[in-house]
1. Work out the length of the dipole vector of the range 240-390 about its Cα centre, built from +1 on the beta-carbon of each Lys and Arg and -1 on the beta-carbon of each Asp and Glu, and round it to the nearest 20 debye.
2. Determine which aspartates and glutamates satisfy two conditions relative to LYS336: a Cα distance under 12 Å, and not lying fewer than 8 residues away in the same chain.
3. Can you count the Lys pairs in the range 23-103 with C-alpha separation below 17 Å, eight or more apart or on different chains?
4. What is the antiparallel percent of DSSP beta bridges lying wholly in the chain, to the nearest 5?
5. Between ASP351 and LYS372, how high is the FRET efficiency from 1/(1 + (r/R0)^6) when r is the Cβ-Cβ distance and R₀ = 30 Å? Nearest 0.05.
6. Hey, what angle do you get for helix 48-61 against the long axis of the chain, alpha-carbon based, 0 to 90 degrees rounded to 10?
7. How tilted is helix 220-233 with respect to the longest principal axis of the chain? Cα atoms for both, answer in degrees (0 to 90, nearest 10).
8. Determine which lysines satisfy two conditions relative to LYS141: a Cα distance under 17 Å, and not lying fewer than 8 residues away in the same chain.
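No lab work stands behind these numbers, since they all come straight from the coordinates. No experiment lies behind these values; they were computed from the predicted model shown. Methodologically, a virtual Cβ is constructed for each residue, glycine included, from the backbone with ideal geometry; neighbour enumeration extends over all protein chains shown.
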Amino acid sequence: MENKRKNKGEGLLLKSELFWDTASQKEQREAEKLAEEYKDFLDVARTEKQTIRRASELARKSGFVEINLDEKLPKGKTRMIFVNRGKSAIMVEIGKKGLEVGASFLIAHVDSPRMDLKVKPLYEDGGIAYLKPNYYGGIKKYHWPVTPLAMQGTVVLKNGQEIEINIGLKENDPVFVISDLLPHLDNERMDKPLGKAIDAEELNIIVGTRPVADKKVKDRVKMAVLEWLNKNYKISEEELFTADIRFVPAYKPKDVGFDRGLIASYGQDDRVCVFAALKAFLEAKNKRPSILYLVDKEEIGSIGSTGAESLFLENVVSYLTRESKVEIDVYDFYRKSKGVSADVTAAYDPDYKQAYDINNVAQLGHGVVIEKYLGHRGKSYTMEAEPFFIREIINLFNKNKVAWQTGHLGKADAGGGGSIAGYLANRNMEVVDMGVALLNMHAPCELSSKADIFSAYKGYRVFLEN
Ligand code: MN
Ligand code: MN
């Protein structure tokens, strides 16, 4: 918020205020309403593909049309969606000024930490059939045993048809569980450091306990699971190898606290920014072209055809300039563009004071967080926003009364984090990191503040409209 100049000295301080103290009644009601929409979004967007699909559905409702790079650009279209392998997407709104002036970019990632499967995952041990996962992204392994899991994913059948598996979210669905040792027998492990207490190979997902009738069959429970999968989804072990199957927490998104100020849900890194950015993008009345880039694979290094390092963005930009006969090449287009990397950061957690630098960490409810730079230790792997660009953003936010605060992950030597901002910045574009502060980041149940979700949405929108 703009510094309130109570006296001369006060005006010199950089302070942030609680959204609930400063926002109008109308905006507070809007924040509540937005939170309801957000929970509905989270509930159906638990994997990268589901997130892209839901985002595309909402965009189509706002008049966007899906464009295929192999076809000619249909005449007169100014609101477009380009989807890559169902896992990343670029949405484009040409605006009044045309592509010659560059674009305003919002980039956010659609993948979250989860359990993927090993290449040959199904086995039986002690009369229990298991799927053996390989974890995806940075997790604390002790979060995952005894957390009810849902199986979500897609499988390509022998005939090339893609089918969807979605088990564990409906009221009467079964769930899947990784077991944990009872405390009575766990003395040895209880004394181990947190990071060493659970071995990744001990994280195995229970998927069956009933055998096939034929007692001559080896691994009768595993066989029964295969028969069930084949009967219901026409798949065998070969399809389990080729599939995109994810196990994610089966909890429903819920409000937290007597005052319902927070939201608890899986996958808020980074779907909270995906949602806020999408909403801002679809509603913005922009003059410049704007692009919403939803990327996959951020949690594992952004590589691959659907990650932020991919040339998919170049595919789309060169297609657009060629098809609409715009006199600008892709590099100049980037140089004239500016971007916001919409990703989450850590909120101050009073229970773990030792990890944070209290003067520099973001706080729940104080608005969207502008992060000048991320990286770790001596600013390694840091994308740093340029002073003129940050000044421009802050001026915009102060003028439009967007609740904002500064933020930084934690103590310099405590660890660190990366960001997708660098992938746009490497393309010679002005970029700044800006997102929502979370508690429990990367846990199966992350917490966000309704005030911050609304502030992020408003901030992204103000950025696109100016
Ligand atoms: Mn993230
Ligand atoms: Mn993350």
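1. Around 380 debye, computed over the range 240-390.
2. Those aspartates and glutamates meeting the cut-off are GLU100, GLU430.
3. Final tally of qualifying lysine pairs is 5.
4. The answer is about 70 percent antiparallel.
5. My answer for the efficiency is 0.70.
6. Here the helix axis deviates by roughly 50 degrees.
7. Between helix and principal axis, roughly 50 degrees.
8. By straight Cα distance, LYS141 reaches LYS118, LYS132, LYS192, LYS196.
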